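Chemist: Have a look at this one before I ask anything.
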Amino acid sequence: MIPAGMEAYLMENLPEAAILNRTTKENGKCCLEFGFMDELLLSRIGINCDRLGPRLVAWVWDETTSLEVGGYLVVDNLAMGSPSMGGIRMQPDISPADIHNLARGMTLKNAAAGLPYGGGKAGIVAESDTSPEEHTEIVR
């Protein structure tokens, strides 16, 4: 099930047609993807495109679970190499723009360190009152 806050954010900031046309579903696993060519749609969610990126912005959730959990993945840039590297944040109110800013930081950090990886970041949207056992289930 998609977290209520994540769903509200989607419906508030993106046209319903874009959500319906771009959401792919397979066995209850849902994904909504945007690339660097989707500058207008990305700007509606607070992500400004430039020459560096982002390369991919994805919203993911699972409609088959009773847990209200979903997330975002941003691959900002792969100029230094592939795959991207950046880690995961888990907060109840994290937004795609937050994840993009963190991914951009990883792009710049990896380039400054001369690492052969692009910059990326993931964010898991989950309620803050989840138990440690639920955290393990969410991350799986």
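Just so it is clear, none of the values below were taken in a lab; they were calculated from the coordinates. Bear in mind the structure is a predicted one, so any value in this text is a computation, not a measurement. A quick note on method: Cβ atoms are made from the backbone with ideal geometry, for glycine too, and the neighbour counts reach across all protein chains shown.
Chemist: Extending each Cα 7 Å along its Cβ direction at residue 33 and residue 108, get the distance between those two points in nm, one decimal.
Modeler: 2.8
Chemist: For region 18-54, which trypsin sites (Lys or Arg not before Pro) pass both filters: DSSP loop (anything but H, G, I, E, B) and at most 11 other C-beta atoms within 10 Å?
Modeler: Values: sites: 22, 25, 29, 44, 51; in loops: 51.
Here the sparse-neighbourhood loop sites are 51.
Chemist: Is it possible to state the helix-based mean residue ellipticity at 222 nm for the chain, with each DSSP H run of 4+ residues giving -39500 (n - 2.57), the sum divided by total residues, to the nearest 500 deg cm²/dmol? What is it? Show your work: numbers first, answer last.
Modeler: Numbers: 5 runs with 48 residues, N = 140.
Computed mean residue ellipticity for the chain: -10000 deg cm²/dmol.
Chemist: If you don't mind, another one. Evaluate the Debye formula for the chain with equal point scatterers sitting on the alpha carbons, no solvent, and hand back log10 of I(q)/I(0) at q = 0.10, 0.15 Å⁻¹, in q order, two decimals.
Modeler: These q points yield log10 I(q)/I(0) values of -0.33, -0.74.
Chemist: Relative contact order of the chain: what whole-number percent is it, with Cα pairs under 8 angstrom and at least 6 residues apart? Mind dumping the intermediate values first?
Modeler: Numbers: 277 pairs, mean separation 32.3, N = 140.
Answer for the chain is 23 percent.
Chemist: Separate question: Which one, 74, 11, 85, is farthest towards the positive end of the dipole of the chain when Lys and Arg carry +1 and Asp and Glu -1 on their Cβ?
Modeler: So the residue furthest toward the plus end is 85.
Chemist: Further, regarding this structure: Any idea how far apart residue 48 and residue 16 come out in nm if each label point goes 7 Å out from Cα toward Cβ?
Modeler: 3.2
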